[in-house]
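Values quoted throughout were computed directly from the atomic coordinates according to the rules given, and no laboratory measurement underlies them. If you're wondering where the values come from, they're calculated on a predicted model, not measured in any experiment. Note that each Cβ is placed from the backbone with ideal geometry, even for glycine, and that neighbours are counted across all protein chains shown.
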Protein chains: 2
Amino acid sequence: MSTIRDVARLAQVSTATVSRVINSPDSVREKTREKVLRAMKMCNYKYNALARGFATKKSNTIGLIIPNINNPVFAESTLGVQEYAEEKQIKVILGNTSYKISQEESLIKALRESQVDGLIITTTNPKGEIIKSLTDEGIPFVLLFSTVKNGPVSAVGVDNYRGGYVATEHLISLGHRRIGMIAGSFTVTDRSYHRWHGYRQCLKDHGLPYDKDLLVQTEYSLSGGRDSIKQLLKHGSPPSAVFCSNDYIALGAIKGAREAGLSLPEDLSIVGFDDMPTASYMVPALTTIRQPAYEMGRRACELLLQKMENPEKPEQHMMETKLIVRESTAAVQYDTEAEDGGDRQ
Amino acid sequence: MSTIRDVARLAQVSTATVSRVINSPDSVREKTREKVLRAMKMCNYKYNALARGFATKKSNTIGLIIPNINNPVFAESTLGVQEYAEEKQIKVILGNTSYKISQEESLIKALRESQVDGLIITTTNPKGEIIKSLTDEGIPFVLLFSTVKNGPVSAVGVDNYRGGYVATEHLISLGHRRIGMIAGSFTVTDRSYHRWHGYRQCLKDHGLPYDKDLLVQTEYSLSGGRDSIKQLLKHGSPPSAVFCSNDYIALGAIKGAREAGLSLPEDLSIVGFDDMPTASYMVPALTTIRQPAYEMGRRACELLLQKMENPEKPEQHMMETKLIVRESTAAVQYDTEAEDGGDRQ
DNA sequence: TTGTATGCGTTATCAG
DNA sequence: CTGATAACGCATACAA
């Protein structure tokens, strides 16, 4: 593989000049430039961005850490950062944590050793050691799908509390009074925890009792939703509506409910969270709280690049969620309400 | 940021020794090692993998190129390569092409400049210039979701022809005689093309006429499937079953068919391709041809690392597809068959 | 087991 | 507008 030195020799110029035609072509006389360009062709020169990174201490690479690329909402946000980065000629290294803190930690370590210029992290624990040490050491990073609304870290997210509140309110407005929730484990994601808070406060504000048996925490998976709904339906006085922490869980819950012999939305209303691309294609089409995942990814990337330029002034971008009403929620059916007390299984 | 030189000075050893405790700790006396380790702590030394990459000409990074991370099947394969790479301490840079050749080209160029040690490419055109030049220049790479079964390039894929054949055969065995296909544009993906070949040959082998109006090419998207099925249903003699190039399209087709007033699977059978994670959660649960996407990703990564060690002997791994029969296909209903000639819309 | 010296490909500083 | 040359942080041959 030839280097700028080879090119320089061939073109009878210095390496500095070769470097110039690469980085600021205008600063070199046209004739010289062409001579250099010809020499490059001749020896099939290939630019080495790694060497450049070494010399400039900028790798033009950022790290993106997400819990699970299989979750459509993270795939979308990934596409968002990806595309924005692409536009700015930045490469992105992807890391999956599988919701494991230890994994998150080792990933960040490896990424830092690789001299990434910054990090976008969809973390599981924004108050953890990891984030703190990143802050202390002045590494540019931004939190994505973040729950933090202020303080010293940059972040983009939505108001999960509000999302949970709105979802629950929708159900209440439909006449539901026994409303359950299937949540991602609070130990694993505080987003879910905040949504639950919104759910709970909404219940309270509407004078509905909070029944802790109507909350089940599970993993963020299809089967998690499916198993959880069955558990909920076994309750002596089962819910007529359930708010699910995300669409993936909701999809599982719908399946589980149907397996338990219910028909939706007549017997049970379900609302999800995310509005993943397939949400409107499901049967019944899913009522959900939309997060603009793609835009969030883009914005996070934008914020990061900004922060890399100017490390001061942390910023939080809170994006809007929106209730999307589709077919998975319906007015409560009084004849199938809690009073019948039947175990539908 | 401190370097091994700082550490060396602090520990009163040479930089070579510091380098040794990092890379081959056993080759240095325990006492010295501890001294060095202490010095590292003291000056808060952080290893610089980029510098190492520069010195060794190995970045320990590979590039992964996929058409669209939003397609669940690519998300899964990505997870596969990701996890295998992780195990081997390799970082992966992700690139989306959006099925655009030009994008694929510029991505590969950028990745090569970044000195990735190898490339995993889910390409759109295995016979194109890009692949050829990669081969010529001896860059280690492997094709993922590949259609090539032999020749000089390493690849992992499935037999798309056979998948298409089996899908069609299943439909025929259910009594269907008017079988349509919604395919991803042949110009954009040859996988789809091969599946169509299987479909077509199967028709022929069973003495069924091939009607070109029963094929519609579209983009690999939900709306693509939805629009295409409507087009198909407008046919004077519409199909009673449709084979879709992938599950995403199938999901769209199901939606579209339902909007057109059909009930599934009674009025129309649908079979997809991929078996994405949500396939069994759909309504009706999707009959499909399963590809082991996660495994394919892992295998591709394995093959690549192997190839990086030993650039000789290209290998193709063809993995098994499997027909998964669920609820979206059913025996043909004779009273709604082609003869009635009705336009169901 | 440890040290010395050199090189990796580029940028950047300083002269000219 | 161009050239000479010193970094950048680490690995590695070779020597001791």
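To the nearest 10 degrees, how steep is helix B:101-113 against the longest Cα principal axis of chain B, on a 0 to 90 scale?
Here the helix axis deviates by roughly 10 degrees.
Return the subset of A:LYS35/B:LYS46; A:LYS91/B:LYS212; A:LYS46/A:LYS88; A:LYS313/B:LYS46; A:LYS88/B:LYS322; A:LYS41/B:LYS58 for which the Cα-Cα distance in this structure is over 32 Å, preserving the input order. Could the numbers behind the result be given before it?
Working: A:LYS35/B:LYS46 42 Å; A:LYS91/B:LYS212 43 Å; A:LYS46/A:LYS88 21 Å; A:LYS313/B:LYS46 26 Å; A:LYS88/B:LYS322 42 Å; A:LYS41/B:LYS58 25 Å.
The pairs that break the limit, which is 32 Å between Cα atoms, are A:LYS35/B:LYS46; A:LYS91/B:LYS212; A:LYS88/B:LYS322.
Under 20 Å from the 7 Å Cα→Cβ point of B:LYS109, by amide nitrogen: which residues of the stretch A:42-61?
Once the point is set 7 Å along Cα→Cβ of B:LYS109, A:42-53, A:60-61 turn out to lie under 20 Å by backbone N, inside the stretch A:42-61.
Output the peptides A:220-231, A:122-133, B:239-250 sorted from most to least packed, where packing is the average of other Cβ atoms within 10 Å over each peptide's residues. If you can, show how the numbers build up before the last one.
Values: A:220-231: 22.0, A:122-133: 17.6, B:239-250: 29.4.
So the peptides A:220-231, A:122-133, B:239-250, ranked by packing, come out B:239-250, A:220-231, A:122-133.
Provide the gained length on full extension for the span B:LYS132 to B:SER2, in nm with one decimal, where the gain is 0.36 nm per separating residue minus the Cα-Cα distance. Show your work: numbers first, answer last.
Working: separation 130, 0.36 × 130 = 46.80 nm, distance 4.39 nm.
Length gained, B:LYS132 through B:SER2: 42.4 nm.
Please list, in order along the stretch B:221-233, the HN-Hα scalar couplings obtained from phi with the Karplus expression 6.51 cos²θ - 1.76 cosθ + 1.60 (θ = phi - 60°), rounded to whole Hz, x for Gly and Pro.
For the stretch B:221-233, the Karplus curve yields 8, 4, 5, x, x, 5, 5, 5, 5, 5, 4, 4, 6 Hz.
Just to confirm the number: angle between the C-alpha axis of helix B:72-87 and the first principal axis of chain B, 0 to 90 degrees, nearest 10?
Taking Cα atoms only, the helix is inclined about 20 degrees.
Expressed in nm to one decimal, what extension gain is obtained for the pair A:ALA331 and A:SER102 from 0.36 nm per residue of sequence separation less their Cα-Cα distance?
On the way: separation 229, 0.36 × 229 = 82.44 nm, distance 4.45 nm.
That works out to 78.0 nm of additional length.
How far is helix A:190-205 tilted, in degrees, relative to the longest principal axis of the Cα atoms in chain A, given as a value from 0 to 90 rounded to the nearest 10?
Approximately 30 degrees, to the nearest ten.
Which of the three applies to the protein assembly as shown, rounded, prolate or oblate, going by the alpha-carbon gyration tensor with a ≥ b ≥ c and a/c under 1.5 meaning rounded? Let's see the in-between values first.
Working: a/c = 2.29, a/b = 1.33, b/c = 1.72.
Oblate, because a/c is 1.5 or more while a/b does not exceed b/c.
Given H placed on each backbone N at 1.01 Å, which residues far from A:VAL242 in sequence or on other chains put an amide H within less than 5 Å of it?
For A:VAL242, whose amide H was placed from the backbone, the distant partners under 5 Å are A:GLY180, A:SER269, A:ILE270, A:VAL271.
Shape verdict for the stretch B:1-47, please, from the Cα gyration tensor: rounded (a/c under 1.5), prolate (a/b greater than b/c) or oblate. The partial results should precede the final answer.
Working: a/c = 1.68, a/b = 1.51, b/c = 1.11.
Since a/c reaches 1.5 and a/b is larger than b/c, the shape of the stretch B:1-47 is classed as prolate.
Amide H neighbours of B:ALA155 under 5 Å, at least 5 residues apart or on other chains, H built in the peptide plane: list them.
For B:ALA155, the qualifying residues are B:LEU143, B:GLU315, B:GLN316, B:HIS317.
Take the alpha carbon gyration tensor of chain B, find the square roots of its eigenvalues, order them as a ≥ b ≥ c, and report rounded if a/c is under 1.5; if not, report prolate when a/b exceeds b/c, else oblate.
It is prolate, given that a/c is not under 1.5 and a/b is the larger ratio.
With 10 angstrom as the radius, rank A:GLU83, A:GLU259 by how many other C-beta atoms surround their C-beta, starting from the fewest. Spell out each step's value before the answer.
Values: A:GLU83 15, A:GLU259 12.
Ranking A:GLU83, A:GLU259 by Cβ neighbours within 10 Å, fewest first, gives A:GLU259, A:GLU83.
Testing the spin-label approximation: label points 7 Å from Cα along Cα→Cβ at A:GLU315 and A:GLU266. State their distance in nm.
Placing both labels 7 Å along Cα→Cβ, they lie 5.2 nm apart.
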